[in-house]
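Down below is the structure, laid out as structure tokens.
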Amino acid sequence: MRDLLRDWVERIRGIFVRYRQKAASLPFARYIYEKKSGIAVKLAAYFLGFSAIMLALLWIFQIAFLNQFYRTIKLSRIKNVARTISNSIEDEDFETTLTALVMDSDIAVKVINVGTGAYVSYAYENNSSAVTRLTAAEIFEIYSMAKEKGEYVRYYSERLTADSYGGSGNAQGGRQEEEHANESMIYSSLVKTKSGNEILIMVDSMILPVTSTVDTLKIQLIFVSGIMFAAALLFAFVFSRRVSKPIEGINESAKILATGDYSANFSAEGFKEIRELSETLSYAAAELSKVDRLRSELIANMSHDIRTPLTLISSYGEMMRDIPGENSPENVQVIIDEARHLTELVNDMLDISKLQAGVWKLEREQFSLTSAIRSIIERYSKFTQQQGFKILFEPDCEVYVTADEMRISQVIYNLINNALNYTGSDKTVTVRQIAAGGVVRIEVSDTGEGIEEEQLPLIWDRYYKVDKEHKRARVGSGIGLSIVKGILELHGARYGVTSAKSEGTTFYFELKVI
């Protein structure tokens, strides 16, 4: 027997493998196989699987368990009737209630007052019910079972042959149903009156055969299942395409973006999440484009800033080596200044990296901001004398703040350097200190050409320069404003810039005073 079963299993498996291979060779099957990990196929498969489960449940509950549900509902209804009779058994209008129950529920009821050794019965029943055909022996058997179990259910076929059983709340197991035979269900329970009498209540209801109903439902379900499956297939295809098409478009655009083409179009319609993803990727593409532009500017600016001092150092060194009498203090000073310029450039790049990494920590202390600005301006005295610049300081009073003195000094240095780079032909830079309302405002102004309004938000970006041409040697590294922004944000200080074309530019920041 086991060998025979194994042989049949192998035969079925072989048939399945052959048909699977044939199906896999079809163009549509190859397409599905190639796209099996795609979102469209998976969504369609999930939806079709869900539809198949719903149809299977419909078949199970409408066909397989219909008869069981029908009997359970019938039993529940006659139990409720018996409960109503039990509650009204001693009412004066009991006969009226009993009549109404029988007429409304299409049932038969027999109520027996069980006395000592005899049955005194009064009943309301119809002649077509099984309860009217009960013999005294059967009634006694029902009474005994109801007394033992508390309640009892008995089934009768049209031929009055039945297998019965009892038990609280159980009305299904142990029963043999004769095919094409009408059945009756008799539910019995015992009630004790206030006078101590036992009342046996028997409620009878016909159980109609459901075979014809099941056959009708099968035919209906075949058509319904076909229509629902076709509709589910169509809906799954349309829905999966609607979800997957914009995602596939975004994926293709992302591949274009990965090649460095920042003009990739991420516009997509569909669900809210897909639109938000499209907007996010469009924003990312714009930011990457800006980063790429800044990187190009960094290469151009930094290569110039590094090349100039290196060229000067190399030229002056070779001149001092090859030409007698050129080994002068002035030439040595040029080499020292350019080396210092390179050092400042490297330090600024390190500062930018630290700010970006968030590892810069402030050392806050109380100090005189007014004295710090004076000291910084004094250090520019030699430079201003040589180059013909003027740096004016206009304090309104002596101001003390709590901040990192070295970093705030770095901010002032960078703002002054920037003003020196871009001031006008008068070569004048003005530093103002204005204290009011517990806040000190530091302004650094030049008299240059000014900055166009649309460029103002960009000047704080790393390596961004409004003036792309290097008209004269710069005092700083060209990335000072990014450092200024980072230091002031670490202090929680308010800062900004105002500018007008041909009227100069003013940078400012504010700190709380002590």
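Observations
- R0 of 35 Å, Cβ-Cβ distance THR216-THR99: FRET efficiency to nearest 0.05: 0.50
- Here the Karplus relation 6.51 cos²θ - 1.76 cosθ + 1.60, evaluated at θ = phi - 60°, turns the backbone of region 191-197 into coupling constants of 10, 9, 7, 5, 7, x, 6 Hz, with x for every Gly and Pro.
- Difference of contour (0.36 nm per residue) and Cα-Cα distance, THR84 to SER371: 93.2 nm
- In terms of its C-alpha gyration tensor, region 213-257 has a prolate overall shape, because the principal axis ratio a/c (a ≥ b ≥ c, square roots of the eigenvalues) is not below 1.5 and a/b outweighs b/c.
- A Förster radius of 22 Å, combined with the Cβ-Cβ distance separating ARG379 from ARG441, puts the computed FRET efficiency at roughly 0.45.
- Phi angles of region 503-508 translate, via the Karplus equation with coefficients 6.51, -1.76, 1.60 and θ = phi - 60°, into HN-Hα couplings of 10, x, 9, 10, 9, 9 Hz per residue; Gly and Pro are given as x.
- Full extension of the segment from GLU248 to ALA45, taken as 0.36 nm per residue of separation minus the current Cα-Cα distance, would add 71.3 nm.
- Fully extending the segment from LEU288 to LEU392 would add 33.3 nm, taking 0.36 nm per residue of separation and subtracting the current Cα-Cα distance.
- When each of LYS361/LYS390; LYS427/LYS501; LYS149/LYS192 is checked by Cα-Cα distance, pairs over 26 Å: LYS361/LYS390
- Only Cα pairs under 8 Å and 6+ residues apart enter the sum, and on that basis the relative contact order of region 361-512 stands at 25 percent.
Just so you know, all these numbers are worked out from the coordinates, no wet-lab data involved. Only a predicted model underlies this, so the values are computations on that prediction, with no experimental measurement involved. In this analysis, Cβ positions are derived from the backbone assuming ideal geometry, glycine residues included, and neighbour counts consider all displayed protein chains.
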